[in-house]
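What follows is a set of notes on a single structure, which appears directly below.
The values are calculated or read from the model by the stated rules, or taken from the named source; none is laboratory data. Keep in mind that this is a model prediction, so the values were computed, not measured. Note that each Cβ is placed from the backbone with ideal geometry, even for glycine, and that neighbours are counted across all protein chains shown.
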Amino acid sequence: MKLSFVIPAWNEEKLIGKTIESIQLSARKYDFEIIVADDASDDRTAEIARELGATVVSCNNRQIGPTRNDGAKVATGDVFIFVDADTIVSEAVVRETVEAIENGAVAGGSFPTFEGKIPLLAKLLTPSLQITFRILRIAAGAYMFCTPESFEKAGRFDPKFFAAEEVHLSNKLHKYGKYKTIKSRIVTSGRKFQTHSAFEILTTLVLVSIPGVRNIKKRKNLWYGKRDGG
């Protein structure tokens with residue numbers, strides 16, 4: 001089984017090296033490839049990715065869904081694994097992903113643990129969000145996986161959505177087979193909590209997890225905007 005890790009990236013020179021290295025270490029027992037979809041970065045993101053052996057796909061979307069799609073276009077694996085550029089992947093996460101696919105799942109994800117100083121509100125509400133995402137069988141964007149066949153049948157990430165595109169895709173994937181939320185959790189940067197309020201971030205997450213309240217059709221600064229903490 002070959003694994004294709006697809007990393008969408010925009011100006012991620014500070015963190016993308018750690019993300020790639022974590023994948024290389026965690027997936028070393030498998031046949032794998034790492035594809036970085038560089039969304040018109042003006043820093044050393046693409047250079048660092050190439051130095052570490054990743055395949056770099058250049059695009060100019062300023063939108064994370066289509067950027068993931070561009071990376072997936074050149075992927076050759078039996079499993080597509082979409083990982084954010086500020087996320088650390090463990091060996092347990094990769095192993096459980098492979099086991100899920102081997103046991104018949106066509107898609108799934110891992111809910112994130114946030115790295116760094118996190119506001120109290122986020123600490124209190126995150127467990128409830130994790131349960132909600134598990135019950136509804138939807139993926140957090142930092143780490144989700146699917147088979148290439150189900151990805152194509154579901155229509156890839158829908159470009160009309162500027163946020164919650166992974167939620168829309170998760171629900172479409174339900175039509176094509178079993179969805180599995182793995183127990184092991186990836187670790188993703190808590191930098192958004194340093195740039196945006198916990199209320200703003202968690203409100204967005206809650207809204208996109210509620211059926212019928214997912215149509216975010218404009219660019220969110222949570223993804224392409226000012227960043228603190230990396």
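Here are a few things to note about the model shown:
- In the range 61-102, the qualifying residues are those that are in a helix (DSSP H, G or I) and of a type in the set (S, T, Y), and the one that is surrounded by the most Cβ atoms within 10 Å (Cβ to Cβ) is T97.
- Wholly within the range 137-227, helices (runs of 4 or more DSSP H) carrying at least 3 residues that are modelled with pLDDT under 90 and in contact with a helix residue (DSSP H, G or I) (Cβ under 6 Å, 6 or more places away or on another chain): 198-209
- Condition check for V106: in a helix (DSSP H, G or I) and either exposed (fewer than 15 other Cβ atoms within 10 Å of the Cβ) or at negative phi (or both): no
- Residue that is surrounded by the fewest Cβ atoms within 10 Å (Cβ to Cβ) [pool: residues in the range 21-52 that are among the aliphatic types (A, V, I, L, M), out of contact with any strand residue (DSSP E or B) (no Cβ under 6 Å at 6 or more places or on another chain) and in a helix (DSSP H, G or I)]: L25
- Contacts under 6 angstrom Cβ, first residue in the range 102-113 being touching a residue at least 12 places away in the same chain (Cβ under 8 Å), partner of a type in the set (K, R) and assigned to a strand (DSSP E or B), 6 or more apart: G104/K178; A105/K178; A105/K180; G108/K180
- Given (1) part of a loop (DSSP other than H, G, I, E, B); (2) farther than 17 Å from T87 by Cβ, number of the condition S58 does not satisfy: (1)
- Residue selection: A9 fails the criterion of being in contact (Cβ under 8 Å) with a residue 40 or more places away in the chain, touching a strand residue (DSSP E or B) at 6+ places or on another chain (Cβ under 6 Å) and over 26 Å from I138 (Cα atoms).
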